[in-house]
Amino acid sequence: MRIYAINILNSGGHLLISGGRLLISGGHLLNSGGRLLISGGHLLISGGLLA
């Protein structure tokens with residue numbers, strides 16, 4: 001999955017990736033109180049901020 005966005009707000013939510021890749025390019029991933037669950041995959045944040 002590829003996400004090209006300025007900001008992604010995952011506050012209190014869930015972002016689930018299973019057996020694949022998550023590419024976040026050019027933005028900010030604001031994950032306050034949220035969950036990033038990566039199972040058998042990869043998370044790549046390019047040019048952004050993970051908070």
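Kindly provide the set of residues from segment 25-34 that are without any contact (Cβ under 8 Å) to a residue 24 or more places away in the chain and either polar (S, T, N, Q) or over 14 Å from M1 (Cβ atoms) (or both), ordered by number.
First, the residues of segment 25-34 that are without any contact (Cβ under 8 Å) to a residue 24 or more places away in the chain: 25-26, 28-33.
Scanning segment 25-34 gives S25, G26, H28, L30, N31, S32, G33.
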Kindly indicate whether any position in segment 11-21 is touching a Phe, Trp or Tyr at 6+ places or on another chain (Cβ under 8 Å) and of a type outside the set (A, V, I, L, M). no
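Computed from the coordinates by the stated procedures, all read-outs in this text should not be read as laboratory data. Just so it is clear, the model here is predicted, and its values are computed rather than measured. Cβ atoms come from the backbone with ideal geometry, glycine included; neighbour counts cover every protein chain shown.
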